[in-house]
Structure formats: C-alpha cells, structure tokens
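The values are calculated or read from the model by the stated rules, or taken from the named source; none is laboratory data. Fair warning: this is a prediction, and the values are worked out from it, not measured in the lab. Don't worry about glycine lacking a Cβ; one is built from the backbone with ideal geometry, like all the others, and counts go over all protein chains shown.
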Amino acid sequence: MPEDANRHYISSAVIIVIPQAEQRVGQDMAAMAGVEVHAIQDGKIVVVIEGASSGQLGATLSAISAIEGVVAANMVFEHSEKEEAMSDDRRVDAA
C-alpha cells in the first residue's frame, strides 16, 4: 500500500555504541538530515528521526547502523500525523 504524501512520520530510536565512540557517533548523527540527538550516556544514544515516509525513517536508521562504532540501532516508537493537523510551528493542534 503506498504511503500518504500528506503525512509526516516521526520515530524514536536507541543506538548502542562502543563507549569510546559515543561522542563521535553522536556528532555524526546530529549532522544527518531529520535526526535529533536527545541524550548520550553509557554507550547509548537516544535520537528522534523525522521524515516524509516510514521507508525514509527505516533508511535513516539503516544509515545510522552503518556508522563506525555503532553496535545496534533499534527503533522504539513510530508515529505519523496528517500534515493538515499540524500548525505552522509544526506542533499538533490539540482540542
């Protein structure tokens, strides 16, 4: 089934890294389009990935897993919203 072009996709992921590489890997991920690094601690990095499709999120997660020093990249949550439900500042309008 084709994905709706009027949807925005977001996911969270936990990235397991070699502890000596966590700062470099965090910087590499922060430089990637659609990726925000939210926490780095004890060889784990929490990120949010945004994109235009579920496939784009998966491709980004695959690219993250290919970064040197990454041991595992695990998606934790995925959500999508219709673009019309979002206001100009990208926040969802609540009732």
Inside region 9-59, can you point out the residues that are under 13 Å from residue 80 (Cβ atoms) and crowded, with 18+ Cβ neighbours inside 10 Å? 9, 11, 49, 51, 57
Which ones in region 41-85 are out of contact with any strand residue (DSSP E or B) (no Cβ under 8 Å at 6 or more places or on another chain) and assigned to a strand (DSSP E or B)? 41
Output for Cβ contacts, cut-off 6 Å, separation at least six or different chains, first residue modelled with pLDDT of 85 or more in region 71-86, second hydrophobic (A, V, I, L, M, F, W, C) and not in a strand (DSSP E or B), reads 73/61; 73/64; 75/61
Applying the selection to region 15-29, what residues are under 11 Å from residue 45 (Cβ atoms) and polar (S, T, N, Q)? 23, 27
